[in-house]
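Take a look at the structure below.
What follows draws every value from the coordinates through simple rules; no lab data is involved. Predicted, not measured: the structure shown is a model, and the values here were computed from it. Every residue, glycine among them, receives a Cβ derived from its backbone with ideal geometry; neighbour counts consider all protein chains shown.
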Amino acid sequence: MAKPKVLVTRRWPAAVEAQLSEAFDAVLNTDDKPLSEAELRDALTSYDAVLPTVTDKISAKSFDIAKPQARILANYGVGYSHIDMPGAAGHGMTVTNTPDVLSECTADIAMTLLLMVARRAGEGEREVRAGRWTGWRPTHLVGTKVSGKTLGIVGFGRIGQEMARRAHHGFGMKIVVQNRSRVSPDILARCNATQADSLEELMPQCDFVSLHCPGGAANRHLINTRMLNLMKPDAFLINTARGEIIDELALSRALWFETIGGAGLDVFDGEPRINPDLMDCDNLVMLPHLGSATREAREAMGFRVLDNLTDFFAGREPRDRVM
Ligand code: DGY
């Protein structure tokens with residue numbers, strides 16, 4: 001029987017590409033250039049499976065085709081707000097993602113940002129590299145102590161829980177969470193966490209707020225001027241989830257006028273373009289979407305896609321089906 005034809009939209013770790021090419025009739029993206037909307041639409045009509053990732057915007061327009069050949073979008077990544085789900089549903093497509101395997105590494109990056117912005121590590125690094133450091137002095141780049149402070153976690157899924165584990169057990173932080181649904185007492189008890197009923201209740205209590213909720217239209221600009229105004233004037237905001245969750249103009253104003261202490265961002269609205277208003281904020285640490293960027297996580301993500309595809313084409317339920 002002919003192997004299913006699958007299209008990989010970006011370069012993947014070599015070990016995964018090798019296995020994928022053995023198991024499937026795989027077309028790889030050796031140039032690693034993102035596909036255009038038209039190319040993505042063509043892919044849906046000429047492959048049995050398309051393997052997209054966060055840089056592929058598969059919009060409602062991409063699904064505006066008579067009859068796709070693709071029956072599955074096996075996404076490389078846990079977040080899938082770049083895929084228009086009603087469009088995929090309209091063609092009866094299966095969509096899968098890659099949860100679990102990147103949770104620890106993404107929480108590590110959230111903790112990295114939290115520490116960097118609180119301890120002014122970004123400012124310090126910029127100063128050293130620019131040759132501006134004049135030596136130790138008691139008042140130089142004085143930051144904020146992290147240990148023992150209160151961390152608010154917005155979205156208490158796998159990554160949020162990993163963040164809580166690091167912050168509570170590593171840094172003795174008090175954890176408050178806000179989540180769409182009620183979190184079970186057993187899960188909260190692992191970090192002695194409490195659950196706030198709303199964001200309005202969470203924001204004013206926290207010294208740090210870390211975002212771990214999904215992106216997409218439902219959470220677009222969840223963190224806006226009103227929410228930023230509810231934060232303590234010296235509190236810090238961390239985002240490793242999706243850029244669109246924060247109104248970046250509102251954030252740049254809060255940073256510029258120092259109505260909050262600072263922010264650490266790994267994701268941006270419309271990335272890789274960075275809103276110029278953010279560029280001049282010194283109390284901001286920015287990373288280029290590195291959450292899952294470890295060899296271990298990126299390989300595990302690829303193998304998870306492979307498992308999902310193998311199950312799907314063998315007529316079994318893929319373990320990570322999200323639709
Ligand atoms: C994801 O998995 O959704 C990330 O943002 C890419 O690692």
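A few remarks follow.
- Pairwise centroid distance, computed over Cα atoms, of the range 135-188 with the range 70-116, Å: 23 Å
- Under 13 Å from the residue 234 label point (7 Å along Cα→beta-carbon), backbone N, the range 254-270: 260-262
- Inter-probe distance in nm under a simple model that places probes 7 Å from Cα toward Cβ, at residue 60 and residue 91: 1.7 nm
- MRE, 222 nm, helices only [DSSP H, n ≥ 4, -39500 (n - 2.57), over the chain, to nearest 500]: -9000 deg cm²/dmol
- Positive minus negative residues near residue 149 (Lys, Arg vs Asp, Glu; Cβ under 11 Å): +1
- In Å, descending, principal axis extents of the Cα set of the range 267-307: 43, 18, 9
- With 0.36 nm allotted per residue and the present C-alpha distance subtracted, the residue 15-residue 45 stretch has 8.0 nm of extension available.
- With neighbours defined as other Cβ atoms within 10 Å of a residue's Cβ, the residues 73, 141, 284 order from fewest to most as 141, 284, 73.
- Taking label points 7 Å from Cα along the Cα-to-Cβ direction, residue 180 and residue 23 give a separation of 2.8 nm.
- Theoretical FRET efficiency, 1/(1+(r/R0)^6), r = Cβ-Cβ of residue 169 and residue 258, R0 30 Å, to 0.05: 0.40
- From least to most packed, judged by other beta carbons within 10 angstrom and beginning with the fewest, 9, 310 follow the order 310, 9.
- Cut-off 15 Å between beta-carbons: net charge of the residues surrounding residue 120, Lys and Arg +1, Asp and Glu -1: 0
- Exposure proxy ranking for 85, 116, based on other Cβ atoms within 10 angstrom of each Cβ and starting from the fewest, stands as 85, 116.
- Each listed q (0.16 Å⁻¹) maps to a log10 I(q)/I(0) for the chain, found by the Debye formula over equal Cα scatterers with no solvent: -1.29.
- Taking Cα centre as origin and charging only the Cβ of basic (Lys, Arg, +1) and acidic (Asp, Glu, -1) residues, the dipole magnitude of the range 68-227 rounds to 400 debye.
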